[in-house]
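S.K.: Okay, here's the structure, questions in a sec.
The values are calculated or read from the model by the stated rules, or taken from the named source; none is laboratory data. Not measured: the values here are computed from a predicted model. Positions of Cβ are generated from backbone atoms using ideal geometry, with glycine treated the same way; all protein chains shown enter the neighbour counts. Heavy atoms of the whole protein, side chains included, go into the accessibility calculation; ligands, DNA and RNA do not. Shrake-Rupley method; radii C 1.70, N 1.55, O 1.52, S 1.80 Å.
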Amino acid sequence: MKISVASGKGGTGKTLVATSLALSLIKNNPSVQLLDCDVEEPNVHLFLDQEPINETTVSLPIPKINEDLCQHCGKCTEICRFNAITLLKDTILIFPDVCHSCSACWHFCPTGALEPSPREVGTVQISQSGKLKLITGRLNLGVHASPPVIKAVRGAIDTDTVTIIDGPPGSSCPVMAAVEETDYCILVTEPTPFGLNDLSLAVEMLKVLNVPCGVIINRDVPGNHLIDDYCQEKGLPILLRIPLDTEIARAYAKGIPLVKSSPVWTEKFIDLYQQVTQEVTK
Amino acid sequence: MLIAVSAFGKNQDSEVNPRLGRCEYFVLYDTDTDKYSSIDNTGRFSQGAAGIATASLLSNQKVQVVITGNIGPNAYTALEAAGIEVFTGAKGTAQDVIKDYQKDLLSKANAPNVGPHGR
């Protein structure tokens, strides 16, 4: 079972839900994997005591020029739709940060002057916290290539183990890389117009990816029906409500997961998992 | 020598467009013949990294000096490689800033003065 956690809007409680869900599931499972796919700012590690196991780098191929073979024909600059390689007089210039690693330039170079060379874009760190294995993706500073790092994190899992994926905010490529081909996506939102707007974008995205989803309302306030009305209209289940509560916020701000600061939540997250399992097998 | 000014229009009275990679036109001035002309900046239609495409266009046109408002890191790297001098912070009409350039009143860019756009 692979469950992703997304939200649309940032700061709604994805990591709160992902950490507490994973920590609850280790009660009934021999092991659980928690993936931090918010590679631009991974923060799950702040909530867990862990022992590092290993770290690998994520590289993408970018073109490298052999000046001796280049005849300055300009074929590579014609073929590159991103302007990542350009010919200025007799100089070939390569812009690594603009390159999408599509391979067209070295494929079409008539003299074999271009060849792929690895460019490090991020790292994947694996650590163990009791029965919980944490896999963290981290994008290098100044690099724009989140999806390849996210895919590398997802490629590091043991497919037979229950997997919880903490995704990035938004509803564009990085989130899609984190949620695609998961069995279910939990959308964490807050009952505000911003929360609702970005939730609806995330729901549309999941429809395209054909990933079933349900909603957790975080910072829930009695009497506010903003999210309830939307979920009813769209036929989305509300899986859990986490109230607006300064005690929860205070403990979380100290780096204590919800199920540790308030163990009564463990059962609620186990119930949540059962609800999700039922939704998936429905 | 050919000077290019990033501009909103096609003639010497056109205002300088402070954006290099996404400007509509370049007003060209040939110091040898004292004549103005213009080119459409096709680089601006790039999905991303318009500054690189624009620099390539200017290099192909044999431009030697570029006058603009701002220049980003990609365009700067490309123009530097092409041996094209860049002057930034220009304001007014194309004709005015070319006169300013000739009176040595413009500041030559030694580095990009804005970050990358559009990502």
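S.K.: Stretch A:Glu115-A:Val208 to full length: gain in nm at 0.36 nm per residue minus the Cα-Cα span?
M.R.: 29.9 nm
S.K.: Taking K and R as +1 and D and E as -1, what net charge do the other residues with C-beta under 12 Å from the C-beta of A:Trp106 add up to?
M.R.: Around A:Trp106, the charge tally is +1.
S.K.: Just order A:223-236, A:58-71 by mean Cβ neighbour count inside 10 Å, highest at the front, would you?
M.R.: Descending mean neighbour count gives A:58-71, A:223-236.
S.K.: With N set to the number of residues, divide the alpha-carbon radius of gyration of region B:2-108 by 2.2 N^0.38 Å and report two decimals. Present the calculation step by step, with values, prior to reporting the outcome.
M.R.: Numbers: Rg = 12.1 Å, N = 107, 2.2 N^0.38 = 13.0 Å.
That works out to 0.93 for region B:2-108.
S.K.: Kindly express, to the nearest 10 degrees and within the range 0 to 90, the angle between helix A:193-209's C-alpha long axis and the longest C-alpha principal axis of chain A.
M.R.: Approximately 60 degrees, to the nearest 10.
S.K.: Determine the equivalent ellipsoid of region A:67-112 by diagonalising the alpha-carbon gyration tensor, then write out the semi-axes as square roots of 5 times the eigenvalues, largest first, rounded to whole Å.
M.R.: They are 16, 12, 9 Å, listed largest first.
S.K.: Once the convex hull of the alpha carbons of region A:3-109 is built, what does its volume come to per residue, in cubic angstrom? Intermediate values should be presented prior to the final figure.
M.R.: On the way: hull volume 19.3 nm³, N = 107.
Hull volume normalised by residue count: 180 Å³.
S.K.: How much of the accessible area of chain A, in percent, comes from carbon and sulfur atoms when a 1.4 Å probe is used?
M.R.: Its accessible area is 52 percent carbon and sulfur atoms.
S.K.: Could you tell me which of the pairs A:Lys89/B:Lys103; A:Lys75/B:Lys10; A:Lys64/A:Lys89; B:Lys10/B:Lys91 are separated by over 22 angstrom between their Cα atoms in the structure shown?
M.R.: Over 22 Å Cα-Cα: A:Lys89/B:Lys103; A:Lys75/B:Lys10.
S.K.: Rounded to whole Hz and in sequence order, give me ³J(HN,Hα) for region B:16-21 from the Karplus expression 6.51 cos²θ - 1.76 cosθ + 1.60, θ = phi - 60°, writing x for Gly and Pro.
M.R.: 5, 8, x, 8, 7, x
S.K.: Moving to a separate point now. If you fit an axis through the alpha-carbon atoms of helix A:146-155 and take the longest principal axis of the Cα set of chain A, what angle between them do you get, 0 to 90°, nearest 10?
M.R.: It is inclined by approximately 70 degrees.
S.K.: Follow-up. With a point put 7 Å past each Cα toward its Cβ, work out how far A:Arg250 is from B:Asp100 in nm, to one decimal.
M.R.: Calculated label separation equals 5.9 nm.
S.K.: Helix-only estimate, please: 222 nm mean residue ellipticity of chain A, summing -39500 (n - 2.57) across DSSP H runs of length 4 or more and dividing by its residues, to the nearest 500. It would help to have the intermediate numbers written out before the result.
M.R.: Numbers: 10 runs with 94 residues, N = 282.
Result for chain A: -9500 deg cm²/dmol, rounded to the nearest 500.
S.K.: From the backbone phi of region A:6-19, what are the Karplus-calculated ³J(HN,Hα) couplings (6.51 cos²θ - 1.76 cosθ + 1.60, θ = phi - 60°) in whole Hz, Gly and Pro given as x?
M.R.: 9, 7, x, 5, x, x, 9, x, 4, 5, 4, 5, 4, 5
S.K.: Same structure, new question: For region A:122-209, state which GluC sites (Glu not before Pro) are in a DSSP loop and have at most 11 other beta carbons lying within 10 Å of their beta carbon.
M.R.: In loop regions of region A:122-209 (DSSP not H, G, I, E or B), the sparsely surrounded GluC sites (Glu not before Pro) are A:Glu181.
S.K.: How about region A:102-206: which trypsin sites (Lys or Arg not before Pro) there are in a DSSP loop, with at most 16 other Cβ atoms within 10 Å of their Cβ?
M.R.: Details: sites: A:Arg119, A:Lys131, A:Lys133, A:Arg138, A:Lys151, A:Arg154; in loops: A:Lys131.
For trypsin sites (Lys or Arg not before Pro) across region A:102-206 that sit outside H, G, I, E and B with at most 16 neighbouring Cβ atoms in 10 Å, the list reads A:Lys131.
S.K.: Can you give me the long-range amide H partners of A:Val188? Hydrogens built in the peptide plane at 1.01 Å from N, cutoff under 5 Å, separation of 5 or more residues or another chain.
M.R.: Hits under the 5 Å cutoff: A:Ala6, A:Ser7, A:Ile216.
S.K.: Once Lys and Arg get +1 and Asp and Glu get -1 on their Cβ, which of A:Thr182, A:Cys76, A:Val276 lies farthest toward the positive end of the dipole of chain A?
M.R.: Among A:Thr182, A:Cys76, A:Val276, the one farthest towards the positive end of the dipole of chain A is A:Val276.
S.K.: So what's the angle, to the nearest 10 degrees on a 0 to 90 scale, between helix A:265-281 and the longest Cα principal axis of chain A?
M.R.: It is inclined by approximately 60 degrees.
S.K.: Here's another thing I want to ask about it. Which of the listed residues, A:Ala152, A:Leu23, A:Leu46, is farthest toward the dipole's positive end in the protein assembly as shown, when Lys, Arg count +1 and Asp, Glu count -1 at the beta-carbon?
M.R.: Value computed over the given set: A:Leu23.
S.K.: Another question, if that's okay. Which residue, A:Thr19, A:Thr192, A:Thr182, tops the fluctuation ranking in a GNM of chain A built on C-alpha contacts under 10 Å?
M.R.: A:Thr192
S.K.: Oh, and also: Over the whole of B:46-53, what's the average partner chain Cβ count within 10 Å per residue? Rounded to a whole number, please.
M.R.: So the per-residue partner count for this stretch is 5.
S.K.: Now, a different point. Find how much the distance from A:Thr161 to A:Asn224 grows on full extension, using 0.36 nm per residue of separation minus their present alpha carbon separation; answer in nm with one decimal.
M.R.: Gain on stretching A:Thr161 to A:Asn224: 18.9 nm.
S.K.: Moving to a separate point now. So, in Å, what gap is there between the alpha-carbon centers of region A:37-115 and region A:209-282?
M.R.: That distance is 41 Å.
S.K.: Could you work out the equivalent-ellipsoid semi-axes for chain A, taking the square root of 5 times each eigenvalue of the Cα gyration tensor, largest first, in whole Å?
M.R.: Here the semi-axes work out to 41, 21, 16 Å.
S.K.: Could you work out, residue by residue across B:55-62, how many beta carbons of other chains sit within 10 Å of that residue's beta carbon, and then give the average as an integer?
M.R.: 3
S.K.: I'd like the distance separating the alpha-carbon centroids of region B:74-119 and region A:188-202, in whole Å.
M.R.: Going from one Cα centre to the other spans 44 Å.
S.K.: How many Cβ atoms of partner chains, on average, are near each residue of B:74-81 if near means within 10 Å of its Cβ?
M.R.: The shielding value for this peptide is 3.
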